[in-house]
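Worksheet: one structure, shown below.
The values are calculated or read from the model by the stated rules, or taken from the named source; none is laboratory data. Keep in mind that this is a model prediction, so the values were computed, not measured. As a convention, Cβ positions derive from the backbone with ideal geometry for all residues, glycine included, and neighbour counts pool all protein chains shown.
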Amino acid sequence: MKRDDLLKREKYKSDLSGAERLEKYLQGEPVDHQPLYLHYPDYALANVLGFSTRDFEEDFEVFESVMVYNAREYFSPWANVRLSLRTLGQAAGSDLVFPKNGIDYVSSYFLEDYDRLKNLKDLDPYKDKVLSRILSRAYKLKERNPDLNVTTGVAGPLTTAVSLRSYGKLMEDLKTNSENLKSLLTWSVENSLKWIEVFTRELGPGLVSISDPMSSLDVLDLKDFKKFSYPYLKTLVDETKKISKEKAFVHICGKTQGLWPDLLDLDLGYFSLGNTEDLKAGAKILGEKFILVGNIDPIKVLRDGNQDEIIHAVKTCLDFGAEAKSGFILAPGCQVHLETREENLLAFKNAVLKYGTKAQRGLKPQGLDKEKSRL
């Protein structure tokens, strides 16, 4: 194969939409190639299309073009109109800064002092200006693009909490202020579920993603995970299934292997594995119960790598992950960095289409076996 082949849009064809492929694949049917997914690529794809992140957030036409482009060019099974890691914090009163081209961040936390906990009100997605705008965008997107599988997502309870109270203070709360923290976590769960309930009512039942970087063992020790994350995450997962009629998709960045025994007790549909973890072990253990998603390095490989490095990473992930009995979706191990070049995204996609051909759940794709036979 010539190296530049992976940059040709028409070189490798795909017979199905992302949603159609995933449905057939999960039913055990053979599909044209391994399902793939770009993990939260909105800002990166906006840049590819010549727009800034502020354009994406403020201009519906830009937002729509990115969502459609992701579904059609990169076969995303979902058009995920989600709450960011900080949306509920913003709606509740934290001040966010939105750079022209960058990730939003909190400039002032609503709960710098727990004296304000009594002022933390439940949110109404229909009336709150932050949430109602997102709901309106999702509804309009679906109305104008009825073929899109419009879904939503929320942050995990601890991750939502850190959008209301600074990381340093929240980490102190684990040891010295646990009762107030538990109240904040309860609020996080209840208001995430309220959003899911309203979104489902307006857009219909569908998959809900939960992103929870604060639950990583890079942040918490196992004892604190069991006390301050797991019970609230379990409630969120269980109640989400009741509302949305589907098992949730959970992503936790970084180190999670020590959490796997607890995570296996959750009633999840999908688990997205961070790129620092062992995909081979994940496929054997987590893949017995969950559809496994992952786990190419989004920085060293997808953003900064060359074509050969991307090819190697795709083939390795197919080799290690595709035999997960519940199913496997090839994806980055975390959010696609906004500076990721279009040529690298094309190389990623076309490498999956080349080496992941003739895929079936629980089996390595035939495209990978053919490649090995030539070596």
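Please go through the stretch 49-73 and pick out each residue that is hydrophobic (A, V, I, L, M, F, W, C), in contact (Cβ under 8 Å) with a residue 24 or more places away in the chain and closer than 19 Å to F98 by Cα. Break it down into steps so the answer makes sense when it comes.
Taking the stretch 49-73 as the starting set, the residues that turn out to be hydrophobic (A, V, I, L, M, F, W, C) are 49, 51, 56, 60, 62-63, 66-68, 71.
Among the residues that remain, those that are also in contact (Cβ under 8 Å) with a residue 24 or more places away in the chain are: 60, 63, 66-68, 71.
Of everything in the stretch 49-73, those that are hydrophobic (A, V, I, L, M, F, W, C), in contact (Cβ under 8 Å) with a residue 24 or more places away in the chain and closer than 19 Å to F98 by Cα turn out to be F60, F63, V66.
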Is it the case that the stretch 136-150 has a residue that's at pLDDT 95 or above, polar (S, T, N, Q), on the phi < 0 side of the Ramachandran plot and crowded, with 18+ Cβ neighbours inside 10 Å?
yes
Checking R165 against (1) outside any loop (DSSP other than H, G, I, E, B); (2) of a type outside the set (A, V, I, L, M, F, W, C); (3) buried (at least 24 other Cβ atoms within 10 Å of the Cβ), the condition it does not meet:
(1)
Taking the stretch 130-162 and keeping only residues that are touching a Leu at 6+ places or on another chain (Cβ under 8 Å), of a type in the set (S, T, N, Q) and assigned to a helix (DSSP H, G or I), one is left with T159, T160
Report every pair of residues separated by at least 6 positions or lying on different chains whose Cβ atoms are under 9 Å apart, first residue within the stretch 253-276 and on the phi > 0 side of the Ramachandran plot and assigned to a loop (DSSP other than H, G, I, E, B), second crowded, with 17+ Cβ neighbours inside 10 Å and among the aromatic types (F, W, Y).
none
Can you tell me which of (1) under 23 Å from L264 (Cβ atoms); (2) crowded, with 24+ Cβ neighbours inside 10 Å is the one I285 doesn't meet?
(2)
Just for the stretch 326-357: of the residues that are farther than 29 Å from N47 by Cα and at pLDDT 95 or above, which one is nearest to the chain's Cα centre (by Cα)?
G327
Please tell me if S326 is of a type in the set (G, A, S) and in a loop (DSSP other than H, G, I, E, B).
yes
Subset tally (residues that are acidic (D, E) and surrounded by 13 or more Cβ atoms within 10 Å (Cβ to Cβ)) for the stretch 75-130
4
Pairs under 7 Å by beta carbon, first residue closer than 16 Å to M214 by Cβ in the stretch 175-190, partner basic (K, R), six or more apart or different chains?
L184/R165
Take the residues of the stretch 237-252 that are in a helix (DSSP H, G or I) and out of contact with any Ser or Thr (no Cβ under 6 Å at 6 or more places or on another chain): which is nearest to D173 (Cα to Cα)?
V237
Only residues that are among the acidic types (D, E) and part of a loop (DSSP other than H, G, I, E, B): list them for the stretch 329-346, please.
E339
All positions within the stretch 38-58 that are surrounded by fewer than 19 Cβ atoms within 10 Å (Cβ to Cβ), touching a Phe, Trp or Tyr at 6+ places or on another chain (Cβ under 8 Å) and not in a helix (DSSP H, G or I):
L49
Looking only at the stretch 328-362, how many residues end up being hydroxyl-bearing (S, T, Y) and in contact with a strand residue (DSSP E or B) (Cβ under 8 Å, 6 or more places away or on another chain)?
1
